[in-house]
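Below: one structure, written as structure tokens.
The values are calculated or read from the model by the stated rules, or taken from the named source; none is laboratory data. Just so you know, these numbers come straight off a predicted model, no measurement behind them. Note that we place each Cβ from the backbone using ideal geometry, even for glycine, and neighbour counts take in every protein chain shown.
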């Protein structure tokens, strides 16, 4: 089959195992909170169960030891050492995540198809975000795309009001067909980066990027705004015009235009913009939305002993509070765990021109501000980070 350049936004029919597996990877985050009827398992978990024997069989014929994977094994071995209880559960957790990384690394997923699928889902998510906004502010009803009856039981009670009315703390917070606004932004930032990755190669890429950016901002998620700014800074200075002055002028113009639009929306209170900005920048109990997610659980770190600062208190001893990935690993696995996690991402980077490098860098940033350490996010982000090795091979097939 003729391969398509990774520089082209392109979609085509699903053929064979590689594209089926790529599709499964692309939709895992979408179904991570949706329960399979008559079970207590999410659709994403069931998909992982179904794919497990196929991946095991295909990997039995592949090379599973490589210097490029040394920190993948090192991280999960250390993770198992620091679990300190419930070893069977977390052993299976480690095996499943590692197997998916190995599968992508060993060219078992169609990488171009995978990124294109994520890109198209991001466009669809933005379309429905805008539709939800129009329905709410013009026709005064919430276009509900997720039924709380199909959500995992442990999430249903906490998020039922948000699902049915789309309102949280007086602010309308659409999330399209995702579980919550921040989850959509954590997913769509990859679609945005993929669009900006085409900068200079595809005339529509900037328009697509602006469209996805709009959707991420309209969710009112503070993470979304931070991710949009980070993506565009990368796009302007890395993928844009190579003339430095041109880049600076474009950046200043974009920042000025964005600031003006936000100011107008704030003055007119369009889409509750005043509430959104207050949520992001104003302090409540010493924290704003960004600081609250990033640092509010930080006081758990203050009582750690010397050894605990290095090695953590053990993963099963994590508290039942929201923690970002970085804070959780620092508390449960110490500085050693954080170091191994970032080394795992760094070793996934081999060719700076590869899209997977962008994902790895973005994952490192997301790890610091969001909770992405459960099974599905670990599979999704780490597998995409190691996709560059297979991407290079597929482009030249």
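Would you confirm whether or not the stretch 162-171 contains a residue that is modelled with pLDDT of 85 or more, over 17 Å from residue 381 (Cβ atoms) and crowded, with 16+ Cβ neighbours inside 10 Å?
Taking the stretch 162-171 first, the residues modelled with pLDDT of 85 or more are none.
No, that holds for no residue.
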| said: Being in contact with a helix residue (DSSP H, G or I) (Cβ under 7 Å, 6 or more places away or on another chain) and outside any helix (DSSP H, G or I) is the filter here; which residues of the stretch 52-67 pass it? | reply: 64
| If you take the residues in the stretch 129-155 that are under 12 Å from residue 165 (Cα atoms) and not in a helix (DSSP H, G or I), which one is farthest from the chain's Cα centre (by Cα)? | 140
| residue 213 without any contact (Cβ under 8 Å) to a residue 24 or more places away in the chain, surrounded by 23 or more Cβ atoms within 10 Å (Cβ to Cβ) and within 15 Å of the chain's Cα centre (by Cα) | yes
| request: Pull up the stretch 75-128, narrow it to residues that are surrounded by fewer than 19 Cβ atoms within 10 Å (Cβ to Cβ) and under 16 Å from the mean Cα position of the chain (by Cα), then point me to the one that is farthest from residue 50 (Cα to Cα). | output: 123
| query | Could you count how many residues in the stretch 38-48 are exposed (fewer than 11 other Cβ atoms within 10 Å of the Cβ) and without any contact (Cβ under 8 Å) to a residue 40 or more places away in the chain? | reply | 2
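Looking at residue 166, is it touching a strand residue (DSSP E or B) at 6+ places or on another chain (Cβ under 8 Å) and at positive phi?
Values: touching a strand residue (DSSP E or B) at 6+ places or on another chain (Cβ under 8 Å): yes; at positive phi: yes.
Here the answer is yes, as residue 166 does meet what is asked.
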| Given the structure, is residue 177 in contact (Cβ under 8 Å) with a residue 24 or more places away in the chain, surrounded by 14 or more Cβ atoms within 10 Å (Cβ to Cβ) and not in a helix (DSSP H, G or I)? | yes
| message | Being closer than 22 Å to residue 339 by Cα, at pLDDT 95 or above and out of contact with any strand residue (DSSP E or B) (no Cβ under 9 Å at 6 or more places or on another chain) narrows it down to one residue among 97, 83; which is it? | response | 97
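Each row is one residue, and each column tells you yes or no for (1) modelled with pLDDT of 90 or more; (2) touching a strand residue (DSSP E or B) at 6+ places or on another chain (Cβ under 7 Å); (3) in a loop (DSSP other than H, G, I, E, B); (4) closer than 19 Å to residue 146 by Cβ.
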| residue | (1), (2), (3), (4) |
| --- | --- |
| 202 | no, no, yes, no |
| 212 | yes, no, no, no |
| 231 | no, no, no, no |
| 247 | no, no, no, no |
| 251 | no, no, no, no |
| 264 | no, no, no, no |
| message | Within the stretch 41-51, take every residue that is more than 17 Å from residue 383 (Cβ to Cβ) and part of a helix (DSSP H, G or I) and give me the one that is farthest from the chain's Cα centre (by Cα). | response | 46
| query | Hey, does the stretch 188-208 have a residue that's more than 17 Å from the chain's Cα centre (by Cα), surrounded by fewer than 23 Cβ atoms within 10 Å (Cβ to Cβ) and at positive phi? | reply | yes
| request: Give, as residue ranges, the helices (runs of 4 or more DSSP H) completely inside the stretch 303-397 that count at least 2 residues that are at pLDDT 90 or above and over 12 Å from the mean Cα position of the chain (by Cα). | output: 306-311, 325-346
| remark: A careful count of residues in the stretch 216-233 that are over 20 Å from residue 124 (Cα atoms) and under 15 Å from the mean Cα position of the chain (by Cα) gives 3
